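One structure is given here, and the rest of the page talks about it.
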Amino acid sequence: MSNEHVADTSRARVHENENMTSKGNNVVLSAVLFLVLFGLFVAGLYVMALFTAATFIAGLAMCLVALFVTFDLVPRFLT
């Protein structure tokens, strides 16, 4: 048995914890965030369908806020 093999084995034991993945996110929190943000997005689509300029702009803003929060703020919050 060479010295290199012994050194690699001890180094592997030290770095064993670094190879573990994360434990994941809370399922309840993920479900609540999904329902709230998906509801906001669908409500924005509904408001856009009311066919007036003011409601279209409000619905578009709701959709954009839902998408921004989903793809920018939620990943920061959950990590």
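Values for this structure:
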| item | result |
| --- | --- |
| Criterion violated by ALA7 - all others in (1) modelled with pLDDT under 95; (2) open to solvent by 60 Å² or more (accessible area, probe 1.4 Å); (3) over 12 Å from the mean Cα position of the chain (by Cα) satisfied | (2) |
| Test: residue in segment 27-40 that is small (Gly, Ala, Ser) and modelled with pLDDT under 95 | yes |
| Qualifying positions in segment 41-51 - modelled with pLDDT under 95 and aromatic (Phe, Trp, Tyr) | PHE51 |
| Within segment 35-57, considering residues that are more than 22 Å from GLY24 (Cα to Cα) and in contact (Cβ under 8 Å) with a residue 12 or more places away in the chain, the one least open to solvent (accessible area, probe 1.4 Å) | GLY44 |
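Listed here are the residues, each with its yes/no results for (1) among the β-branched types (Val, Ile, Thr); (2) at pLDDT 90 or above; (3) touching a helix residue (DSSP H, G or I) at 6+ places or on another chain (Cβ under 6 Å).
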position: VAL14; (1), (2), (3): yes, no, no
position: LYS23; (1), (2), (3): no, no, no
position: ALA54; (1), (2), (3): no, yes, no
position: MET62; (1), (2), (3): no, yes, yes
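The values are calculated or read from the model by the stated rules, or taken from the named source; none is laboratory data. The structure presented is a predicted model; accordingly, all values stated were derived computationally and were not measured. Note that each Cβ is placed from the backbone with ideal geometry, even for glycine, and that neighbours are counted across all protein chains shown. Calculation scope for accessible area: heavy atoms of the full protein, side chains included, ligands and nucleic acids excluded. Shrake-Rupley method; radii C 1.70, N 1.55, O 1.52, S 1.80 Å.
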